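Accompanying notes for the structure given below.
Bear in mind these aren't lab numbers, they're just calculated from the coordinates by the rules spelled out. All values derive from a computational prediction rather than experimental measurement. Don't worry about glycine lacking a Cβ; one is built from the backbone with ideal geometry, like all the others, and counts go over all protein chains shown.
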Amino acid sequence: MSPRLLARIATTLGLVSALVSPGCNGKDDALASAASAAESAIPDVPEPPADGPKLAAIAETTTIYERPATDSAQLGYLRAGAMVARAAQPFSKDGCPGGWYPIRPRGFVCVGEQATLDLSHPTLAVMKTLPRRDAPLPYAYVRSTGPAKLYVWDRSRGAAVREIGKLRARSRVAVVGSWNAMDPEGKMQRLAMTPAGQFVRADDFTDDEAPPFQGIEVNDEHKLPFAFVVKRGVRSWKIAKGEATKLVELEPLSVVDLTGKFRTLAGEKFWQTAEDKWVRHKDVTVVLKRHVYPDFANATQKWIDVSVVTGVMVLYQGKKPVFATLVSVGQERLGDPATSASTQLGTFAITAKHLTSSKPGTKPFDDTSDMQDVPWVQELSSGQSLHGAFWHSRFGVEHGPGNVQLSPADAARLFTWTDPPLPDGWHAVGSSARDEQKTIVLVRK
């Protein structure tokens with residue numbers, strides 16, 4: 001990887017920007033109001049075909065606007081290396097000499113510092129490791145074995161880097177490539193490159209793997225109620241003549257189908273399994289069938305039910321459960337979310353979705369180490385987020401600083417199910433006020 005090539009990339013990589021929707025200024029004059037309304041109208045342009053010409057992102061954040069103007073609402077963004085289908089001709093060049101191009105499926109991108117029509121651009125050659133959407137983790141991730149330094153390319157020194165920050169021990173970063181370069185002390189180092197165009201010393205990190213846990217589809221084979229085995233050492237039981245006898249040990253994080261029948265022996269509550277065995281209520285996390293539903297649970301409404309006390313998440317469409325899993329919530333669970341590591345209760349909407357994000361919102365992803373490019377992040381109107389967590393496997397047990405954490409496989413499954421969908425090539429999408437229906441998240445005790 002040549003310094004000249006990295007120079008082109010480094011000049012285009014910027015900081016991740018938030019998805020924001022600027023407000024409108026009122027006009028007293030009727031003619032001015034009419035003109036303003038005309039300017040703010042979304043142009044009616046055909047959706048570019050999927051097999052049409054492409055536009056490529058060459059900045060760490062390439063903004064997608066609702067209208068061909070930088071003061072319009074931001075629909076989402078692309079990341080360096082991504083390509084999307086575009087119109088053959090620009091819609092206009094007002095405020096954008098390179099042209100405002102409609103992209104698929106909606107929105108406009110300005111060709112210039114953030115985007116290019118030149119598919120041989122050197123940034124694309126380096127940023128060719130794009131995130132995967134068909135795997136639990138969109139990138140390869142590594143874990144720091146101790147405190148580590150974070151670098152960027154030092155243009156004044158050729159094939160060299162300069163330090164811009166430090167990472168705590170056990171921090172995680174995504175990696176998309178490598179480079180041999182001089183560190184600030186003048187030593188040649190093998191560096192790993194992150195999707196943001198930053199670097200870490202490869203020797204300071206080790207490979208990391210995602211926990212294997214996955215939730216379960218609710219269908220004819222697995223109907224509610226059922227139970228998750230969260231702890232080790234849990235056994236099934238045989239009940240005969242009013243006495244309970246221990247049977248085989250159950251696999252941790254496995255699922256046990258229940259009949260819905262239960263009985264109490266010597267003060268202990270037991271649930272009957274589909275195999276005519278029994279499990280103790282205190283040993284498992286039971287997911288019951290709902291009989292009371294919130295008012296918004298109509299036939300087409302997608303919504304997510306999160307119980308902070310049990311650490312269970314169930315996906316519903318209307319009154320039909322479709323998926324259930326274990327999640328990790330704030331380690332203080334029902335404490336004051338403004339002052340403690342707990343999860344805020346309430347009914348919220350999903351406001352934005354990021355394929356990966358290093359920006360945690362009101363609650364950190366982890367409070368003991370640094371996490372970059374956390375996968376499958378979905379922002380809530382409360383400021384909290386739903387996201388994948390690959391740095392632990394304590395699902396079903398309170399663990400984190402307040403967000404709702406899922407296994408990577410479950411977070412990916414949730415990400416593809418919720419609205420708004422993330423279009424092909426996009427790295428993030430916001431929930432527009434024009435969206436007809438949003439996915440609702442109910443966080444309760």
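When only C-alpha pairs under 8 Å and at least 6 residues apart count, what is the relative contact order of segment 140-207, in percent?
Reported relative contact order: 36 percent.
Given H placed 1.01 Å from N in the peptide plane, which residues other than close sequence neighbours of Ile64 have an amide H under 5 Å from its amide H?
Those lying under 5 Å, H to H, from Ile64 are Leu75, Gly76, Tyr77, Leu78.
On full extension of the chain, what length is gained from Phe296 through Val397, given 0.36 nm per residue of separation minus the C-alpha to C-alpha distance?
Taking 0.36 nm per residue and subtracting the Cα distance, the gain is 33.5 nm.
Please work out the FRET efficiency for the pair His281 and Ser92, using the Cβ-Cβ distance as r and a Förster radius of 56 Å; give the result to the nearest 0.05.
With R0 = 56 Å, the Cβ-Cβ based efficiency is 0.30.
Can you order the peptides 268-276, 364-372 by their average number of other Cβ atoms within 10 Å per residue, highest first?
Ranked from most to least packed, the peptides come out as 364-372, 268-276.
Taking the Cβ of each residue in Arg86, Arg132 as the centre, tally the other Cβ atoms inside 10 Å and list the residues starting with the fewest.
Arg132, Arg86
For a quick check: sort Thr325, Thr439, Thr259 by the number of other beta carbons within 10 angstrom, fewest at the front.
Fewest to most other Cβ atoms nearby, the residues stand as Thr259, Thr439, Thr325.
How big is the gap, in Å, between the Cα center of segment 357-385 and the Cα center of segment 114-145?
20 Å
For segment 96-109, what does the Karplus curve 6.51 cos²θ - 1.76 cosθ + 1.60, with θ = phi - 60°, yield as ³J(HN,Hα) per residue in whole Hz, taken in order and with x for Gly and Pro?
8, x, x, x, 8, 9, x, 10, 8, x, 6, x, 10, 10
Going by a ≥ b ≥ c, the root eigenvalues of the Cα gyration tensor, does segment 124-196 fall in the rounded group (a/c under 1.5), the prolate group (a/b larger than b/c) or the oblate group?
Note, shape of segment 124-196 comes out oblate.
P(r) for segment 64-139: what percent of alpha-carbon pairs falls in each 10 Å bin, starting at zero?
Reading the bins upward from 0: 18, 47, 29, 6, 0.
Of Val175, Val292, Val45, which has the largest mean-square fluctuation in a 10 Å C-alpha GNM of the chain?
Maximum fluctuation in the GNM of the chain, among the listed residues, is at Val292.
Only counting other Cβ atoms within 10 Å, I'd like Leu137, Leu406, Leu117 sorted with the fewest neighbours first.
Lowest count first: Leu117, Leu137, Leu406.
Could you rank the peptides 390-396, 327-333, 46-52 by their average count of other C-beta atoms within 10 Å per residue, with the highest value first?
Order by mean packing, descending: 327-333, 390-396, 46-52.
Which FRET efficiency, nearest 0.05, do Lys445 and Lys238 yield, Cβ-Cβ r, R0 45 Å?
Efficiency, rounded to the nearest 0.05: 0.85.
Output ³J(HN,Hα) for segment 387-393: one whole-Hz value per residue in order, computed from phi by the Karplus curve 6.51 cos²θ - 1.76 cosθ + 1.60 with θ = phi - 60°, and x for Gly and Pro.
Karplus values, whole Hz, x for Gly and Pro: 7, x, 10, 9, 9, 7, 10.
Quick one: work out Rg over Rh on the C-alpha atoms of segment 225-287, Rh as Kirkwood radius.
We get a ratio of 0.92 for segment 225-287.
For labels at Leu288 and Arg157 in the simple 7 Å Cα→Cβ model, what's the distance in nm?
So the label points at Leu288 and Arg157 sit 6.3 nm apart.
Based on the inverse mean of 1/r over its pairs of different Cα atoms, what is the Kirkwood hydrodynamic radius of segment 358-443, in Å?
Result for segment 358-443, one decimal place: 13.7 Å.
Would the chain count as rounded, prolate or oblate if I go by the C-alpha gyration tensor, calling it rounded below 1.5 in a/c and otherwise prolate when a/b exceeds b/c, oblate otherwise?
It comes out oblate by the Cα gyration axes.
When only Cα pairs under 8 Å and 6 or more residues apart are kept, what is the percent relative contact order across the chain?
The value is 13 percent.
Which of Thr285, Thr339, Thr356 moves the most in a Gaussian network model of the chain with Cα springs under 10 Å?
Among Thr285, Thr339, Thr356, the largest mean-square fluctuation in the Gaussian network model of the chain belongs to Thr339.
Taking only DSSP H segments of four or more residues, each worth -39500 (n - 2.57), what value at 222 nm results for the chain once the sum is divided by all its residues, to the nearest 500 deg cm²/dmol?
Helix contribution divided over all residues of the chain: -2000 deg cm²/dmol.
If the limit is 21 Å between Cα atoms, which of Lys261/Lys289; Lys93/Lys353; Lys289/Lys320; Lys166/Lys187 go over it?
Flagged as over cut-off: Lys93/Lys353.
Counting only residues 5 or more places away or on other chains, whose amide H sits under 5 Å from the amide H of Thr351 once H atoms are built in the peptide plane?
Glu379, Leu380, Ser381
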